[in-house]
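*Asks:* The structure's right below; bear with me while I get my questions together.
The values are calculated or read from the model by the stated rules, or taken from the named source; none is laboratory data. Treat the numbers as computed from the prediction; the structure is a model and nothing was measured. Virtual Cβ from ideal backbone geometry, glycine too; neighbours counted across all protein chains shown.
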Amino acid sequence: MLTDADIVKLLFGFKLKHLRTEQGLGLEELAAQTGLSKSYIHDLEKGKKYPKVDKIHILARALGVDYDYMVSQRDSRAIQPVVDILTSEVFREFPLEDFGVSTNKLIELLVNTPERVTAFISTISQMIRHFQVSREHLYFTALRSFQNLKNNYFEEVEAAVTEFRQQFNLSTLLAKGTAGLEQLLEKEYGISVDRKRLREFELPSSCRSFFGKTALTLYIRDGLSQAQERFLLGR
């Protein structure tokens with residue numbers, strides 16, 4: 001997940017590279033005009049660094065814009081949709097790296113083909129509004145796509161489960177039914193199990209449990225099979 005600082009650096013890097021390429025300047029040329037090193041400008045464009053105030057003024061003068069333009073979240077109408085997506089909650093939370101898309105590659109795509117990207121973003125936005133797609137549904141769809149991409153198998157999760165089974169001798173615990181798992185939760189994690197509290201609420205059938213972080217309590221509804229309870233306790 002990207003932080004606010006990450007977004008600010010990415011946005012500055014995008015605007016810097018867009019201005020530079022729009023004016024036909026190479027990294028060497030901009031470096032020569034500003035007195036800044038080529039590697040430093042490269043890091044700025046990749047979103048790895050954020051310049052100090054004096055260097056922003058230097059870059060702005062060299063590119064023919066003012067300081068406010070360089071640090072604002074507004075841009076020309078042509079590429080404003082790109083700026084909007086970079087500053088959106090969706091972009092901030094979307095697991096780009098998990099889909100094999102580095103932020104550096106994304107910035108390069110945005111700079112090199114802004115018109116196509118803005119057209120794509122505009123189309124997706126219109127579809128979302130037209131079909132009233134919620135942010136949660138978008139994330140869910142992305143998650144399902146990610147699971148399909150990995151064939152729903154995650155090696156690191158498998159390794160963690162295997163280690164957990166060996167560490168706590170899970171086969172012996174499971175022989176005790178759900179009681180063994182409940183004792184493990186209480187002893188190792190300080191989590192208690194409550195099977196009465198959820199009786200007080202009218203819940204949809206899909207809601208089988210709720211974990212109260214403050215109370216460190218796992219609330220489980222009545223009527224579940226032993227296998228279902230084992231799954232909830234194990235998870």
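*Asks:* Just give me the residues in the range 218-231 being at pLDDT 90 or above and either loosely packed, with under 12 Cβ neighbours inside 10 Å or within 28 Å of the chain's Cα centre (by Cα) (or both), in sequence order.
*Replies:* Correct list: L218 only.
*Asks:* If I go through the range 14-65 residue by residue, how many of them are among the basic types (K, R) and surrounded by 20 or more Cβ atoms within 10 Å (Cβ to Cβ)? Break it down stepwise before answering.
*Replies:* First pass over the range 14-65, keeping only residues among the basic types (K, R): 15, 17, 20, 38, 46, 48-49, 52, 55, 61.
After this cut, where a residue has to be surrounded by 20 or more Cβ atoms within 10 Å (Cβ to Cβ) as well, the list is 15, 17, 20.
Residues flagged as among the basic types (K, R) and surrounded by 20 or more Cβ atoms within 10 Å (Cβ to Cβ) within the range 14-65 amount to 3.
*Asks:* Tell me whether the range 152-163 contains one or more residues that are of a type in the set (D, E, K, R) and surrounded by 11 or more Cβ atoms within 10 Å (Cβ to Cβ). Write out each step before concluding.
*Replies:* Filtering the range 152-163 for residues of a type in the set (D, E, K, R) gives 155-156, 158, 163.
Right, trim to surrounded by 11 or more Cβ atoms within 10 Å (Cβ to Cβ) and you get none.
Taking every residue of the range 152-163 in turn, none turns out to be of a type in the set (D, E, K, R) and surrounded by 11 or more Cβ atoms within 10 Å (Cβ to Cβ).
*Asks:* Follow-up. Residues of the range 183-207 being farther than 14 Å from R221 by Cα, in a helix (DSSP H, G or I) and within 33 Å of the chain's Cα centre (by Cα), which ones?
*Replies:* L184, L185, E186, E188, Y189
*Asks:* Within the set of pairs 6+ apart or on separate chains, which have a first residue in the range 56-74 that is assigned by TED's automatic domain parsing to the domain that holds L10, a second that is in a loop (DSSP other than H, G, I, E, B), and C-beta atoms under 6 Å apart?
*Replies:* Partner pairs satisfying both residue conditions: A60/D66; Q73/T87.
*Asks:* Contact list please: Cβ distance under 9 Å, first residue in the range 199-216 and at positive phi, second residue surrounded by 12 or more Cβ atoms within 10 Å (Cβ to Cβ), pairs at least six apart or on different chains.
*Replies:* Note: pairs meeting the criteria are L216/I191; L216/S192.
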